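Just so it is clear, none of the values below were taken in a lab; they were calculated from the coordinates. Because the structure is predicted, anything quoted here is derived from the model rather than measured. Backbone-built Cβ (ideal geometry, glycine too); neighbour counts: all protein chains shown.
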Amino acid sequence: MKSFDKITKEDLLGLPLKSYFNYFANNLKKEVNLEFLTILFTELQFKEKKPYLTRRKLLPNDKRFKEIEIVYDKKSNNKVMAIVWDFQFTLRELLNLFGTPVIEYEPYSNTTYFKYIMKSDIKFVKTGHQEHLNDIINLKKLELVDILSNNNRILDIEFTFLQMGF
């Protein structure tokens, strides 16, 4: 695969999701250029909004995703803080993409998060589900092989975003 600064939209469009996200997890550098990412993901106009950090919302070329959001800090020379892909996927697909996650429940937001700590410039990959999932606490005790071989309904829980953060 090409180095990150040489990759094109066309290169990304043909990749299976596992290869696509592994490529970003292993090659994305914290100095990544905001404009390069914008051009890589879309040819269309984008929207920006600023609660705390600025969020650039893109309609992606890759039709597997409904939206891609680049979160960046204008005060820090447009430093990219995270990329969020908006698309539908199940827990089974998440496990196939990244393996066994760290599972955390945040009571104040009633959200169960699935996180992966990375060993690259990407510090984490995460997604969340908006409810306390008691069954998932039991999954923490199982090995990945047991989880994947289990034909449990919990594996069909759907998620709507995947975030990679620096």
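Looking for something charged (D, E, K, R) and within 18 Å of Phe161 (Cα to Cα) - is there at least one such residue anywhere in the stretch 4-16?
No, the stretch 4-16 contains no residue that is charged (D, E, K, R) and within 18 Å of Phe161 (Cα to Cα).
Among strands (runs of 3 or more DSSP E) lying entirely in the stretch 1-116, which contain 2 or more residues that are surrounded by 14 or more Cβ atoms within 10 Å (Cβ to Cβ)? Steps first, answer last, please.
On the way: elements: 47-49, 54-58, 67-73, 79-90, 102-106.
So the answer is 54-58, 67-73, 79-90, 102-106.
Which members of the stretch 61-79 meet the condition of being under 14 Å from the mean Cα position of the chain (by Cα) and either closer than 16 Å to Glu35 by Cα or of a type in the set (Phe, Trp, Tyr) (or both)? First the steps, then the outcome.
From the stretch 61-79, those under 14 Å from the mean Cα position of the chain (by Cα) are 64-71; that's our starting set.
Within the stretch 61-79, Phe65, Ile68, Glu69, Ile70, Val71 meet the criteria.
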